[in-house]
Amino acid sequence: MSALKQALGGRNDYVRPENPVRPRDAASLVILRQRKDVTEVLLGRRASRHRFMPNIFVFPGGRVDAADRGALVSSELSKPVARKLHNKWSPQMSRALAVAAVRETFEETGLVIGERRASGVSPNLAGLDYVARAITPPDNPMRFHARFFAIDAEHTSGRVRDSNELQALQWFSLADALAMPLVDVTEFVLQEIQRRQSGWRPPGVPLFSYRNGRAVIRYEA
């Protein structure tokens, strides 16, 4: 049974904690490329030393840093994407989330989205789309409020290389990726991407969260 199906099956023994940990703001980037008629996605295995999801294949990404809020960018978010984000967060926070996704991708994979600088990368946010968000279950000791962006690999430069954060970085077809043992949220985002590739248009941005031990998916305008 897949991780997603296990989550949707729920838990009969669930007890909501009295004081759940507050989720930390985070952002991930789904990088896609086309090889003939096959869409591929970049995934890497989290290092075994990680407290959160060790040895699991995920998209590049991580927490939003304070510096992300004031980072200089080479291009801003497109207006349609900015509007989707501004429905929920301030322009400053929306921008910080996108910057974090680009910065973490560079740190974890070596791919540059923007202009390479001595201090790192000046992000180009224009090619990003905002595709989903997810909140870790309230009973987890470490929680994240993750926003998932997507970008075509044509908007990246540099060579993919492993890092201390992500290892065994590879391009997988969507079908092969979905056949792997993934956490429920990663599987859901990949399924969302796959449905879009087939022409489906979502009614909004999906939120993947948990209620009483069950995974809940709803679309937000």
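The values are calculated or read from the model by the stated rules, or taken from the named source; none is laboratory data. Keep in mind it's a predicted model, so treat the numbers as computed, not measured. Note that each Cβ is placed from the backbone with ideal geometry, even for glycine, and that neighbours are counted across all protein chains shown.
Name the residues in region 163-221 that are closer than 24 Å to THR109 by Cα and either in contact with a Gly (Cβ under 7 Å, 6 or more places away or on another chain) or small (Gly, Ala, Ser) (or both), would you?
Start the filter on region 163-221 by keeping residues that are closer than 24 Å to THR109 by Cα, which leaves 163-194.
Correct list: SER163, LEU166, GLN167, ALA168, LEU169, SER173, ALA175, ALA177, ALA179.
For (1) in a loop (DSSP other than H, G, I, E, B); (2) of a type in the set (A, V, I, L, M); (3) in contact with a Gly (Cβ under 7 Å, 6 or more places away or on another chain), each residue gets a yes or a no:
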| site | (1), (2), (3) |
| --- | --- |
| ALA126 | yes, yes, no |
| PRO138 | yes, no, no |
| MET142 | yes, yes, no |
| PHE149 | no, no, no |
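Quick one: GLU18 ticks every box in (1) among the charged types (D, E, K, R); (2) more than 29 Å from ARG103 (Cβ to Cβ); (3) modelled with pLDDT of 95 or more bar one, so which box is it?
Failing condition for GLU18: (3).
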